Amino acid sequence: MSTKFLAKAVAFGALTLGLGLTQAQAANCTIYFSGSPTGSIPASTTLVVIGPYTTSCTGSHTGSLTNLSNASLDARIERNVNGSWKDVGGAILSALDQPPGTYRYVIVNSRGGNGNYKLKYSHP
């Protein structure tokens, strides 16, 4: 094994272990995805913005919602558990060390007319 390859392997191992992943999980982990879609959502509507998507490793799903209107908008990260969607991200859109599974990001406009949003997200 070359010294250069060994150095990269050690650096990768330190990076992935620093993220809370075991070496086996890191080897099976998918690339992290991120983005910042914008859009609008009618009043009294729940909109799936990202997903559903499936991860094969433990990882963090995070995001932030910018409300570009006067509507009452809320966002959440949900995981499918036995066929039902469960909120795992809380009000701050931070779901750390989540197990492999199927997830989605949703925005809820509970009242106040049409809402405009920007959602930043990152997930494995």
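Report those strands (runs of 3 or more DSSP E) wholly inside the range 34-75 carrying at least 1 residues which are within 18 Å of Leu96 (Cβ to Cβ). Let's see the steps before the verdict.
Details: elements: 38-41, 45-55, 59-67.
Because the criterion is at least 1 residues that are within 18 Å of Leu96 (Cβ to Cβ), the strands (runs of 3 or more DSSP E) in the range 34-75 that meet it are 45-55, 59-67.
Within the range 103-120, track down each residue that is open to solvent by 40 Å² or more (accessible area, probe 1.4 Å) and part of a strand (DSSP E or B). I'd like the intermediate steps shown before the answer.
If we filter the range 103-120 for residues that are open to solvent by 40 Å² or more (accessible area, probe 1.4 Å), which is where we start, we get 104, 110-112, 114, 116, 118, 120.
Across the range 103-120, the qualifying residues are Arg104, Ser110, Arg111, Asn116, Lys118, Lys120.
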Ala91 vs. criteria within 21 Å of Pro124 (Cα to Cα) and not in a strand (DSSP E or B): yes
Residues satisfying the stated conditions in the range 76-88, i.e. within 11 Å of the chain's Cα centre (by Cα) and assigned to a strand (DSSP E or B): Arg76, Ile77, Glu78, Arg79
Answer residue from the range 5-61, given it is open to solvent by 70 Å² or more (accessible area, probe 1.4 Å) and under 13 Å from the mean Cα position of the chain (by Cα) and is modelled with the lowest pLDDT among those: Ile31
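The values are calculated or read from the model by the stated rules, or taken from the named source; none is laboratory data. Computed from a predicted structure; not experimentally measured. Positions of Cβ are backbone-derived with ideal geometry, glycine not excepted, and every protein chain shown enters the neighbour counts. Areas reflect the complete protein model, heavy atoms only, side chains present, ligands, DNA and RNA absent. Shrake-Rupley method; radii C 1.70, N 1.55, O 1.52, S 1.80 Å.
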